[in-house]
1. Taking the stated definitions as given, is MET18 open to solvent by less than 100 Å² (accessible area, probe 1.4 Å) and either assigned to a helix (DSSP H, G or I) or modelled with pLDDT under 90 (or both)?
2. Residues in the range 28-78 that are hydroxyl-bearing (Ser, Thr, Tyr) and open to solvent by 80 Å² or more (accessible area, probe 1.4 Å): how many?
Amino acid sequence: MGDTGRRSTAVSPRQEPMEMPRLALYALAVCLLAVAAAVVSFTQGSWLGIVWVLLAGLSSNMCWYYVKRGKADVYQKR
């Protein structure tokens, strides 16, 4: 009839944690360093921090892309 609120008895198989791709780790490191450089630059009163913020945004997107691509590759190989 309707949903009784109980969980189904089927257990999903446990997945092993995925290893993060190396390029994603490099992009993450660049992102963190760019954020730190932007903070230092802005605290010193320099407008050069805008360039660091843009670099942080770019490297953040690269990190996200490589993580997603790595997950897609893992699922495609199954």
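The values are calculated or read from the model by the stated rules, or taken from the named source; none is laboratory data. Predicted model only: the values in this text are computed from it and were never measured. When the accessible area is computed, the model is the full protein with side chains, heavy atoms only, and any ligands, DNA or RNA have been set aside. Shrake-Rupley method; radii C 1.70, N 1.55, O 1.52, S 1.80 Å.
1. Values: open to solvent by less than 100 Å² (accessible area, probe 1.4 Å): yes; either assigned to a helix (DSSP H, G or I) or modelled with pLDDT under 90 (or both): yes.
Yes, satisfied.
2. Taking the range 28-78 as the starting set, the residues that turn out to be hydroxyl-bearing (Ser, Thr, Tyr) are 41, 43, 46, 59-60, 65-66, 75.
Next, from what is left, pick out any that are open to solvent by 80 Å² or more (accessible area, probe 1.4 Å): 43, 65, 75.
Result for the range 28-78: 3.
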